[in-house]
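Where a number appears in this text, it was derived from the coordinates with a stated rule and is not lab data. None of the values given here were measured: they were computed from a predicted structure. So basically every Cβ, Gly included, is an ideal-geometry build from the backbone, and we count neighbours across all protein chains shown.
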Amino acid sequence: MGLIKAAIQAVGSTLSDQYLEFFTCDSLGQETLVKRGARKMVRGSNKGDAEVITNGSKIAVPEGTALLLVDGGQVTDYTTEAGMYTWDASSAPSCFGSTGFLDGAKNSVMDLWQRIKSGGEIPMQQRVYFVNMLELINNKFGTPAPIPYDDPTYRGIYVRVNGVFSFKIENPVSFFTKISGNVSGDYTRSQLMEQAKTEFVGNLTEALNRMGDGGDGIRYNRLPSEITKLTAHMNEVLDEEWLAGRGMVVVSVGINSITPDDESRARIQEFDRDIILSQNPNMLMARAVESNARAQVDAANNTAGAMTGLMGMGMVGGIGGGGFGGTGNLNAAWNQLGNVNTPPPGAVPGAAAGAAAGAAYVAPTPSGWQCGCGHNGNTGKFCSECGAPMPQNNASWACSCGASDNTGKFCSQCGKPRQ
């Protein structure tokens with residue numbers, strides 16, 4: 001495969017370093033990122049130097065694993081292809097790699113080999129390292145606070161996002177030299193993830209907004225179905241920190257939920273309602289009539305008197321001109337929609353609705369007098385409910401507007417004559 005041990009000098013224990021060894025490792029799984037290879041003796045029992053690897057030793061590289069040969073703390077050869085290899089001290093480094101990301105590392109390893117070879121001395125430390133190149137899945141993330149999203153429909157809103165992402169080590173040489181280093185045992189995912197998640201969430205805002213109004217034009221609620229684009233954008237914004245700096249890439253991103261904050265949700269609901277009304281004239285008219293009818297109810301309950309409230313409505317209606325400002329116009333519009341014989345939504349019975357100029361619908365007002373028992377609409381001299389006699393003129397009477405303490409001929413609240 002390549003030279004990891006310099007030319008042998010016939011001194012000291014160098015002859016005893018010629019016993020064959022075998023290196024391999026089981027699958028590194030989802031937790032171990034870098035593992036130092038442990039030797040297994042094949043023949044002989046007296047190993048001279050524990051940090052010198054014997055020429056001719058065998059190394060088995062499992063699938064999804066990269067092999068690094070380290071001499072004096074520096075990578076002198078590597079492979080990203082699975083298979084069985086022989087440590088050959090007579091050949092130059094082979095640097096087997098299946099991706100273009102490793103070209104720079106290959107050149108630097110070749111230069112280092114020439115320096116080691118020209119020295120002609122046995123290095124003090126030779127090691128085998130296995131680097132995990134599997135996709136490392138189920139890394140949970142969540143935004144601690146709402147982040148801005150430039151939605152193409154709702155404009156600037158704020159959303160909370162949570163989900164999972166996966167990543168892999170694409171360049172094992174870069175990861176080893178800049179992250180794990182010459183560890184004595186294992187380098188695990190837990191040692192990396194706190195920093196990795198912070199960087200991931202920190203760059204999520206930029207990646208999301210490349211999908212917003214200024215980029216792909218995707219509405220916020222469609223983001224979970226655009227995972228491929230989000231993954232590509234995450235790799236773009238993380239390129240310098242992750243790929244160039246650590247040899248890592250994002251493989252996939254999954255969004256569990258994306259939730260607008262309360263203020264954004266209210267804006268979205270209002271905007272959606274306006275869109276629906278603008279696309280349906282009948283719904284728009286019905287909503288306008290209903291809103292006006294609600295205003296009539298508020299006028300009837302006005303503490304300064306129903307007439308005061310209705311006069312205010314009349315003034316607003318006058319300002320509205322021929323549009324939906326006047327009550328009569330709204331009721332006429334309701335009739336034009338084919339509802340002549342039915343009251344508009346929220347129509348107010350009694351004086352409030354009857355006082356609306358030009359109203360097409362006015363609920364019938366009970367005639368007669370009101371008894372002290374509460375029964376209204378009596379026309380005879382006695383109450384048809386309890387039999388009490390009709391009160392005399394000097395007694396108080398109740399008006400249909402609700403005022404019950406009237407003593408004169410006209411209602412003190414709305415001015416309506418006594419019936």
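Taking the number of other C-beta atoms within 10 Å as the exposure measure, put 375, 233 in order starting with the fewest. Walk me through the numbers before you get to the answer.
Numbers: 375 16, 233 23.
Starting with the residue having the fewest Cβ neighbours, the order is 375, 233.
The stretch between residue 241 and residue 199 holds 14.3 nm of extra length on full extension. This uses 0.36 nm per residue minus the Cα-Cα distance.
Charge tally around residue 34: other residues with Cβ under 15 Å, Lys/Arg +1 each, Asp/Glu -1 each, net +3. Across the range 268-273, rounded Karplus estimates of 3J(HN,Hα) from the backbone phi angles (6.51 cos²θ - 1.76 cosθ + 1.60, θ = phi - 60°) give 5, 4, 5, 5, 4, 4 Hz, Gly and Pro being marked x. Shown for 184, 257: other C-beta atoms within 10 Å of each C-beta, ranked fewest to most, produce the order 184, 257. Applying the Karplus relation 6.51 cos²θ - 1.76 cosθ + 1.60 with θ = phi - 60° to the range 151-163 yields 3J(HN,Hα) values of 6, x, 9, 9, 6, x, 10, 10, 10, 9, 10, 9, x Hz, where x marks Gly and Pro. Among 35, 140, 58, 409, the order by Cβ neighbours within 10 angstrom, fewest to most, reads 409, 140, 58, 35.
Quick check: net charge around residue 233, other residues with Cβ under 14 Å of its Cβ, Lys/Arg +1 and Asp/Glu -1? Don't jump to the answer; show the numbers that get you there.
Numbers: positive: 210, 229; negative: 150, 206, 216, 226, 236, 239.
With Lys, Arg at +1 and Asp, Glu at -1, the net is -4.
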